[in-house]
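Q: Can you read through this structure? Questions will come right after.
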Amino acid sequence: MGILKTFSLGGIHPPENKISKSEVIESLPISKVVYIPLGQNLGAPAKAVVKRGDEVKVGQLIGKGEAFISANVHSSVSGKVKKIDNIVDTSGYKHPAIVIDVDGDEWLEDIDRSTDVKRDFNLDTAQIIEVIKEKGIVGLGGATFPSHVKLMVPDGKKADYLIINGVECEPYLTADHRIMLERGEEILIGISILMKGLGVEKALIGIENNKPDAIDNLSKLAKEFKGIEVHPLKVQYPQGGEKQLIKALVNREVPSGKLPIEVGCVVNNVGTALAIYEAVQKNKPLIERVVTVTGKSLKRTANLLVRIGTPAKELVEFVGGAPDDTGKVVNGGPMMGKALVSLDAPIVKGSSGILLFKEEETKRVEVTNCIRCGKCISVCPMGLEPVLMAQFSENKMFENLEKELVMDCIECGSCQYTCPAGRPLLDYIRIGKSKVGNIIRNRRK
Amino acid sequence: MDEIIIYAVVSLAGIGVAAAVILFFIAQKFKVIEDPRIDSVEEALPSANCGGCGFAGCRAFAETIVKNNSLEGMNCPVGGAEVMKVVAEIVGLEVEEKLPEIAVIRCNGNKANAPKKIEYDGPTTCAYAHSLSSGESGCPNGCLGLGDCVEACDFEAIFINPDTGLPVVNDNCVACGACVVACPRDIIELRPRGKKDRRIFVSCVNTEKGAVAKKNCSVACIGCGKCAKVCNFDAITIKNNLAYIDPEKCKLCRKCVEVCPTGAIHELNFPARKPKPTKEVDKPIDLTKRKAVGENDSAKVNKAAEKKNDDK
């Protein structure tokens, strides 16, 4: 195999715990009520285009994204709109959502529900972007950036590589692994569509080496597609960070404060590629996604195909309910995910996993003083200095914090994971980052 | 031998004298002529350098006053009216007397009123807890009780009451505004101390609809508007399901406190009311709920303050 490619700075290797990797994707039975938030993406939330009492079908537009960076929201069920209300979501706060009482499973007529794989497409770049926008596709890697905006390359810049993130570097999560095994061909067609949409000839798929079956499957299938290459990567966190992935695959470094397009790359998750295939070839908007439900104390784990808006408690019940010793339920992965405040919070476009942790697994370590060991600096994949950033943030020295390039921090958590003194580095950096972000925004005004 | 010593001493002395003379002339030529009033004003100020005036320290405050030759919008909250009068005399201007203010905590979601529904175990700073979720009680506007305000205070004027989990302001408060800025939920407000130190305020900043707010906290403001209706001085406005009492219009008549159905409006430092004869129709309103928590718990709070000093 030779030496595996990887990014150059820092990184850690937490235990992989991919206990759910052999669970075939199952469809979660549809809930009786769904709560579809209007804001499921980075950028502005959508505006509701239905009202109380309206009957909706699966795939129907219920929220229109009006700002430049925003996305459409579609109904994932058929039934009647019960109300539009503020509900607790994965952010820990209440936000507007469309609540629908489910009745049957009637889809819009123009959506192709067949499972046969459709290869050919003949849309041009502008049409592809339009379909992606219309169908509400956002980045399914977790950042939920509206995909059509990512494909709109700004004037003066050119993309020469499409990079596909099949890394899934977060421990425990296996949703992407399963779709690469079970829907490999559709993913590759989605990638071809993306290549056309972006106007590039080459696409590189990065997959971490702990998924040899997925690497084999996609490598085999990729032979039929022009310009798509599969590259195994070293198992290192955060290999799936877009800047790390670009460095590993094409050895280019994204300059501080800039986006990947600056070095001619656009990065998309494999799940997004699949959603784009379904949008273009099957006319299907983003209404469901694969979510990993896992945890060491569960009777069984699962990779579930879930309709957007399903409350998290239904996923937990499917695997036998939360065990008595459950301490936290995390939305996302253990490194960058966030604990839920309520199991009523609905699954949204960015929910990649629901993790149940035992009480003893969730105990936070005791915080002591910094011992100046420098380990946090050595593991930071962005080459920043977490010890100083956390200190400046705690002491509200925001000018110094900005000089430390805190805005380049990808919040991966490697520093906090490594700190021998148990200091909550990432937590303080996050507070500082949001303050500095506000200062920068106010400066621009 | 002696000659060398004499030469050494004389030449060194000569260099010293020459340097002194040169320095003297340079000091005269490059002398910074500052208005001597700046020094006088600075001396009159409390030297806390707390930033409560909005300037970077007492010297900066003094410089701005003297350079602009104006007292417009300038106020030292720590020194108060006394100090501002002295400053006004030094610069020979009139000063508008500002009412003394104090920090007011506009939340009464204590452990009993707003019970915990979830547990937070992250870093003990309100800023972070605020970014993660509504908080342990579920109220998205309520006090998180982790003490960012206490950290910010330079005057030991605010402490968290360990029984209620809420901050309490004592008489050390000079209304510098540091706690107001520190609170991520804008719960603390600087309000006039009031005649005889009496004040009335709505102890809630929740903007959710009444029914939703009450689910999380039993003493929330539900925006019913009864207070606004009963106020004879137009001092109360209801906006976003929340009542607000304008301190400039409020005449401290306490009618609003009586009609508030949840007990969200607080009256501080008033004498106890005479019990009204209860009518058959009306349910008696429990007026003891109306007093702010802090008033009766000063002993506990002082104990907590001492503990903090011991811990330091």
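Nothing in this text is a laboratory measurement; each read-out follows from the coordinates by a stated rule. What you see is a predicted model, and the numbers here were worked out from it, not measured in a lab. Cβ coordinates were reconstructed from backbone atoms using ideal geometry, including for glycine residues, and neighbour counts include every protein chain displayed.
Q: Please work through chain A and write down the cysteines that have no neighbouring cysteine Cβ at a distance under 4.7 Å.
A: That list is A:Cys169, A:Cys265, A:Cys370, A:Cys373, A:Cys380, A:Cys409, A:Cys412, A:Cys419.
Q: So what is the calculated 222 nm ellipticity per residue for chain A, using -39500 (n - 2.57) for each DSSP H run with n of 4 or more, over all residues, to the nearest 500 deg cm²/dmol?
A: Rounded to the nearest 500, it is -8000 deg cm²/dmol.
Q: With the dipole of region A:375-444 worked out from charges on the C-beta (+1 for Lys and Arg, -1 for Asp and Glu) around the Cα centre, which of A:Gln416, A:Leu426, A:Val436 lies farthest toward the positive end?
A: With unit charges placed on the Cβ atoms, the residue in question is A:Val436.
Q: May I have the pair-distance distribution P(r) for the protein assembly as shown, computed from all Cα-Cα distances with 20 Å bins from 0 and rounded to whole percent?
A: 14, 39, 30, 14, 3, 0
Q: To the nearest 0.05, how large is the calculated FRET efficiency for A:Lys220 and A:Ala126 if R₀ is 45 Å and r is the Cβ-Cβ distance?
A: Plugging the Cβ-Cβ distance into 1/(1 + (r/R0)^6) gives 0.85.
Q: Give the span of region A:375-444's Cα atoms along each principal axis, as three whole-Å numbers ordered largest to smallest.
A: Ordered largest first, region A:375-444 gives principal extents of 38, 22, 15 Å.
Q: With Cβ to Cβ distances under 13 Å as the rule, what net charge do the other residues near B:Pro46 carry (K, R +1; D, E -1)?
A: Overall, the nearby charge balance is -3.
Q: What are the trypsin sites (Lys or Arg not before Pro) within region A:167-252 that DSSP puts in a loop, where the Cβ has at most 13 other Cβ atoms within 10 Å?
A: A:Lys223, A:Lys226
Q: Same structure again: Placing unit charges on C-beta atoms (Lys and Arg positive, Asp and Glu negative, everything else neutral), compute the dipole magnitude of region A:125-282 about its Cα centre in debye, rounded to 20.
A: 300 debye
Q: Now a separate question. Compute the Cα gyration tensor for region B:1-66, then decide on rounded, prolate or oblate, letting a ≥ b ≥ c be the square roots of its eigenvalues: rounded whenever a/c is under 1.5, prolate when a/b is larger than b/c in the other cases, and oblate in all that remain.
A: prolate
Q: Next question, about the same structure. Using a 7 Å offset from the Cα along the Cα-to-Cβ direction at both A:Ala67 and A:Lys234, what is the distance between the two label points in nm, to one decimal?
A: A separation of 3.9 nm, rounded to one decimal place.
Q: Once a ≥ b ≥ c are taken as the square roots of the eigenvalues of the Cα gyration tensor of chain A, is the result rounded (a/c under 1.5), prolate (a/b larger than b/c) or oblate (a/b not larger than b/c)?
A: Values: a/c = 1.39, a/b = 1.19, b/c = 1.16.
In terms of gyration-tensor shape, rounded.
Q: Ranked highest first by the average count of other Cβ atoms within 10 Å around their residues, in what order do A:149-161, A:334-346 fall?
A: Answer by packing, highest mean first, reads A:334-346, A:149-161.
Q: Report, ordered by chain and residue number, the lysines lying within cross-link reach of A:Lys80, taken as a straight Cα distance under 17 Å and ignoring same-chain residues fewer than 8 apart.
A: Those lysines meeting the cut-off are A:Lys32, A:Lys51, A:Lys57.
Q: On a full-extension model of 0.36 nm per residue, what is the gain between B:Asn232 and B:Lys29, subtracting their alpha-carbon distance, rounded to one decimal in nm?
A: 66.3 nm
Q: State, as an integer percentage, the relative contact order of chain A based on alpha-carbon contacts under 8 Å between residues 6 or more apart.
A: 19 percent
Q: Count, for each residue of A:80-92, the Cβ atoms from other chains sitting within 10 Å of its Cβ, then give me the mean as a whole number.
A: Counting Cβ atoms of other protein chains within 10 Å of each residue's Cβ and averaging gives 2.
Q: Work through the residues other than A:Lys202 whose Cβ is under 12 Å from its Cβ and net out their charges, Lys, Arg +1 and Asp, Glu -1.
A: Counting the neighbours of A:Lys202, the net charge comes to -2.
Q: Another question, then. For a quick check of your reading of the filter: which GluC sites (Glu not before Pro) in region A:74-143 sit in a DSSP loop and have no more than 12 other Cβ atoms within 10 Å?
A: Hits after loop and neighbour filter: A:Glu109.
Q: Let me ask another. For region B:17-164, count all C-alpha to C-alpha pairs, find those more than 19 Å apart, and express that count as a whole percent of the total.
A: Every Cα pair in region B:17-164 considered, those over 19 Å come to 66 percent.
Q: Across bins of 5 angstrom width beginning at 0, how are the C-alpha pair distances of region B:36-91 distributed, in whole percent?
A: 4, 23, 39, 28, 6
Q: How many percent of DSSP beta bridges within chain A run antiparallel, rounded to 5?
A: Given both bridge residues lie in chain A, the antiparallel proportion sits at roughly 60 percent.
Q: Then there is this: Taking the Cα centre of region A:90-188 as origin and charging only Cβ (+1 Lys, Arg; -1 Asp, Glu), how large is the dipole, in debye to the nearest 20?
A: Working: 11 positive and 20 negative charges, 122 e Å.
Charge dipole of region A:90-188: 580 debye, to the nearest 20.
Q: With each pseudo-label sitting 7 Å past Cα toward Cβ, what's the B:Val21-A:Lys158 distance in nm, one decimal?
A: 7.5 nm
Q: In percent, how large is the relative contact order of chain B, given Cα pairs closer than 8 Å and 6 or more residues apart? Spell out each step's value before the answer.
A: Values: 469 pairs, mean separation 42.2, N = 312.
Relative contact order of chain B: 14 percent.
Q: Evaluate the distance, in nm, between pseudo-label points positioned 7 Å from the Cα of B:Asn172 and of A:Ser8 along their respective Cα→Cβ axes.
A: It is 5.3 nm.
Q: So, counting K/R as plus one and D/E as minus one, what does the shell of residues with Cβ under 11 Å around A:Val329 add up to?
A: Around A:Val329, the surrounding residues sum to +3.
Q: Magnitude of the Cβ-charge dipole of the protein assembly as shown, K/R +1 and D/E -1, about the Cα centre, nearest 20 debye?
A: My answer is approximately 1780 debye.
Q: Assuming R0 = 25 Å, can you tell me the calculated FRET efficiency for the pair B:Val86 and B:Arg59, based on Cβ-Cβ distance, to the nearest 0.05?
A: 0.95
Q: Relative contact order for region A:103-240: what percent, with Cα pairs under 8 Å and sequence separation of 6 or more?
A: 25 percent
Q: A follow-up question, please. Determine the shape class of chain B: with a ≥ b ≥ c the square roots of the Cα gyration tensor eigenvalues, call it rounded for a/c under 1.5, and otherwise prolate if a/b is greater than b/c, oblate otherwise. Mind showing how you got there, number by number?
A: Details: a/c = 3.28, a/b = 2.18, b/c = 1.50.
Prolate shape, in that a/c is at least 1.5 and a/b is the bigger ratio.
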